[in-house]
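In what follows, a structure is listed as C-alpha cells, so that the remarks can point back to it.
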Amino acid sequence: MKITDVQAYIVRQPEVSLIGDGTQDSVIIRIDTDAGIYGLAEVDSAPYLVKQAIDMPDSHSAQRGMRSVLLGMDPLATEVIWDELYACTYYYARGGAGMHAISGIDMALWDIKGKALGVPVFQLLGGAYQRRIPAYISILMPQTEDEVKRLVDYHMVKGYSGIKFGWGNLGEDMAHDLKLVRAARKALGPDKLLMIDIAMNWREYKPALDACHAYAQEGVYWVEEPFRVEQPELFAKLRDAVPLNITAGEELSSLQEFETYLQKGCVDILQPDLSRCGGLTIGKKIADLAKRHQVPIIPHNFKSGLLMSATLQYIASLPGARYLEYCGQETVLSRSLITEPVVVQDGYVEIPDRPGLGVELNMDTVARYRV
Ligand SMILES: [Mg+2]
C-alpha cells in the first residue's frame, strides 16, 4: 500500500473568542492510499500552522513539507514514517505545532492500519484492558460562584464521575479562586470528583503551596498544570509537599519530556494528548514508561469527537485507565463534527470496536464550517 495524498483542512465557527476553548476551530488531517483506504485525525494545536507544516514545499533536507515526505510511503510502516518525518522536519517540528502535525499524521496512519486489518486500533496497541470507561466532564472556570453552581447542576445530572474546572481567570486572584472551588464542592456534594486546571498560571511557589492545601480541604482530586511545564523541578517539589494529586502532560511532546516528568517524580497522573505528544506511536511508548513508573494515565482530550475517538482507543489499551476527559464545551464542532458523537450513558462511555479509530466525519458540518 502507498500513500497517495495528504490533506489538512481547517474548520472554524464564524466567531472565535479568546478563551481556552479549542473546540471553536480544528484542523483535520486526511491521508489517502492507493488501496482506497483513508485515515482521519484531528489536531489540538494552532490549525493554520499545522496545515502549513503539511502543505508547504520542501525547503532543505531538515525542513521539508510533511506531505512531500509522506507521498509514496507505506502507510502501515508507522514507526518508519515517524522517524523519517522527524528527521526531515526537525528544524521546526521537535516540539510545538510541528510535533502536533506529526502527531496528527501518526494518528491518521493508525486509522488506516486498523481499517486495512479490519480491527479497532486498540487491538493493534495490544488489546483492551477495558471496553467501557467512566467519564468526567471538563469545562472552563467561570467568573462567579453562581455560575459555578449552575454549571455543576447542568452537567452532573448526566452521571459523570466528577467535574474539572480549568483556565478562565484561575491564578489571577487566589482568594477568589478559592471561593469558586468551595462553591464547586458545595454544589457537587461530598462524593463526586473535583479537579482544578490552573493552566500554568501560578507564578509563585508559596501561594501555590497554600492554595493546594486549601483545595485539599475541599477534597480536590487533582490540581493540573500548576506551573509552566518547563519547570519540572517545581512540579516535583509541590507534589512532595501536598496531599492531593498533581497532574500534567498535555503540553509535553516527545518521549524525552515524558521520561523527564516520570523520572523526576513530577506528577501523580500523566495526561498526554495524542494529537500533541507524537501520536499513538509515541503514546504507546509513554504508556509503557508510565507503567514502569507506576503512574496512571488519564489522557488530555479537549476537542471534537474525532480526537475523542482516538483517545478512547488509547484508553482501552491502558492498564488501569481511570477516566475519560469528556469535553463539556458545547460548540458546533465539539457536538457535530463526526457522524456518531460519543455518548455518555449513566456516566460511562462504551469504547467502539469498529475498524481503525471507528470514526467518520459529518460532511455537512465540514462543508458548512470549512474555511
Ligand atoms: Mg489542562
| With the dipole of the chain worked out from charges on the C-beta (+1 for Lys and Arg, -1 for Asp and Glu) around the Cα centre, which of A183, L306, V344 lies farthest toward the positive end? | V344
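So, by mean Cβ neighbours within 10 angstrom, what's the order for 87-94, 199-206 with the highest one leading? If you can, show how the numbers build up before the last one.
On the way: 87-94: 17.0, 199-206: 15.1.
Ranking, from highest mean packing down: 87-94, 199-206.
Can you figure out the FRET efficiency of I10 with D173, using R₀ = 35 Å and their beta-carbon distance, to the nearest 0.05? Provide the component values of the computation, followed by the final result.
Working: r = 35 Å, r/R0 = 1.01.
Efficiency, from the Cβ-Cβ distance: 0.50.
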| said: Roughly how far apart, in whole Å, are the Cα centres of segment 1-79 and segment 300-366? | reply: 19
| said: About the Cα centre, and with charges only on the beta carbon of Lys, Arg (+1) and Asp, Glu (-1), how big is the dipole of the chain? Nearest 20 debye, please. | reply: 440
| request: Between D273, D44, D74, find the one with the highest GNM mean-square fluctuation for the chain; connect C-alpha pairs within less than 10 Å. | output: D74
| For R203 and R335, what is the calculated FRET efficiency with R₀ set at 30 Å and r taken between the beta-carbons, to the nearest 0.05? | 0.25
| field | Interatomic Cα distance distribution for the chain, bins of 20 angstrom, percent | value | 30, 59, 11
| Order by protection proxy (mean Cβ within 10 Å, highest first), peptides 170-183, 315-328, 217-230 | 315-328, 217-230, 170-183
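Going by C-beta contacts inside 10 Å, put I31, I102 in order with the fewest on the left. Each step should come with its number before you reach the end.
Numbers: I31 26, I102 30.
Neighbour counts put them in this order, fewest first: I31, I102.
Mind putting a number on the dipole of segment 3-119 about its Cα centre? Charges go on the C-beta only, +1 for Lys and Arg and -1 for Asp and Glu, and I need it in Debye to the nearest 20. It would help to have the intermediate numbers written out before the result.
Details: 8 positive and 16 negative charges, 22 e Å.
It comes to approximately 100 debye.
Which of L234, L18 has the fewest other C-beta atoms within 10 Å, and how do the rest follow up to the most? Before the final figure, lay out each step's value.
Details: L234 17, L18 6.
Ascending Cβ contact count within 10 Å gives the list L18, L234.
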| Principal-axis tilt of helix 145-156 within the chain, Cα atoms, nearest 10 degrees | 50
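For segment 24-84, what does the alpha-carbon gyration tensor say about shape, rounded, prolate or oblate, given a ≥ b ≥ c as the root eigenvalues, a/c under 1.5 as rounded, and a/b over b/c as prolate? All intermediate terms of the calculation are to be shown ahead of the outcome.
Values: a/c = 1.89, a/b = 1.11, b/c = 1.69.
Judged from the Cα gyration tensor, segment 24-84 comes out oblate (a/c at least 1.5, b/c at or above a/b).
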| Picking from A310, A62, A248, which is most flexible by a Gaussian network model of the chain using Cα springs under 10 Å? | A62
| Degrees, to the nearest 10: 280-292 long Cα axis against longest axis of the chain | 40
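So what's the back-of-envelope 222 nm ellipticity for the chain, counting only DSSP H runs of four-plus at -39500 (n - 2.57) apiece and dividing by all residues, rounded to 500? Each step should come with its number before you reach the end.
Working: 14 runs with 149 residues, N = 371.
Rounded to the nearest 500, it is -12000 deg cm²/dmol.
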| For V157 and Y348, what is the calculated FRET efficiency with R₀ set at 25 Å and r taken between the beta-carbons, to the nearest 0.05? | 0.95
| note | By Cβ neighbour count within 10 Å, fewest first, K291, K115, K192 rank K291, K192, K115
| task | Between Q256, Q52, Q130, find the one with the highest GNM mean-square fluctuation for the chain; connect C-alpha pairs within less than 10 Å. | result | Q256
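The numbers here are math on the coordinates, done by the rules we state, and not lab data. Since the model is a prediction, treat every value here as computed from it, not as a measurement. Counting neighbours? That spans all protein chains shown, and the Cβs are built from the backbone with ideal geometry, glycine included.
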